[in-house]
1. What FRET efficiency comes out for the pair residue 112/residue 141, r = Cβ-Cβ distance, R0 = 35 Å, nearest 0.05?
2. Among 161, 129, rank each residue by its count of other Cβ atoms within 10 Å, from fewest to most, as a rough exposure measure.
3. Full extension from residue 123 to residue 216: what is 0.36 nm times the residue separation minus their Cα-Cα distance, to one decimal in nm?
4. Modelled label-to-label distance, residue 257 and residue 92, 7 Å Cα→beta-carbon offset: nm?
5. Taking other Cβ within 10 Å of each residue's Cβ, how do 213, 93, 223 sort, fewest first?
6. If you stretched the chain out fully between residue 104 and residue 158, how much longer would it get, using 0.36 nm times the residue separation minus the C-alpha to C-alpha distance?
7. How high is the FRET efficiency between residue 241 and residue 173 when r is their beta carbon distance and R₀ equals 30 Å, given to the nearest 0.05?
């Protein structure tokens, strides 16, 4: 009888432990908290949403003369690209050329002259002269003689008689209101005759190829940069050569100041 109870007790213990182990196994198998607490397989890989790459911090460049041991950190140095040079346009080139002209040329005068019209010599040649003259800005060294303007010009005869190329210095004076006066002196080279008696007296015998030249002028200015004037000029060799027939022209000119 005692053996029967012992067998029943052993059987009961075996049944209890078997049931308890199976229940624990089933409970562990279906426990979802275990899966929720497990780390993701890519959690340790760089560049994923679980472990993103952090941007590198910009280096702080200390300013010159600032102690980096204390105080506020220096502001980063701004490095901007220099502006690119713009290509020259037609308007900028024209403006630069206009500025250069104003720095060199002071005034341009053009006109028509009555050729070989006394009063210091008799008329032997005919026709009219086309006159053109450039007056330049007076250089600094000419301030010693009251800053005259250098000039270069030409009288071109329309009848094939004596033409001349001349240069020298010009003085100008303001009179009253818009009126002005001026005179010039210098030299001229011509294409006329030098010898006496050539062409039977119908051409000037000027003696020398290079002559002295003087002129006087009187006029008025209008609208700021424009002018009209009457001019008389004279060329001769002041008796340096054998023959000294002088040549004078008189006429009107228009001027434009830069």
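FYI, it's all coordinate maths here, none of it is from the lab. Every value quoted in this text rests on a predicted model; they were computed, and no experiment measured them. All Cβ positions, glycine included, derive from the backbone under ideal geometry; neighbour counts span all protein chains shown.
1. 0.50
2. 161, 129
3. Taking residue 123 through residue 216 to full extension adds about 31.5 nm, to one decimal.
4. 3.2 nm
5. So the ranking, lowest neighbour count to highest, is 223, 93, 213.
6. This chain segment gains 16.4 nm when fully extended.
7. Rounded to the nearest 0.05, the efficiency is 0.35.
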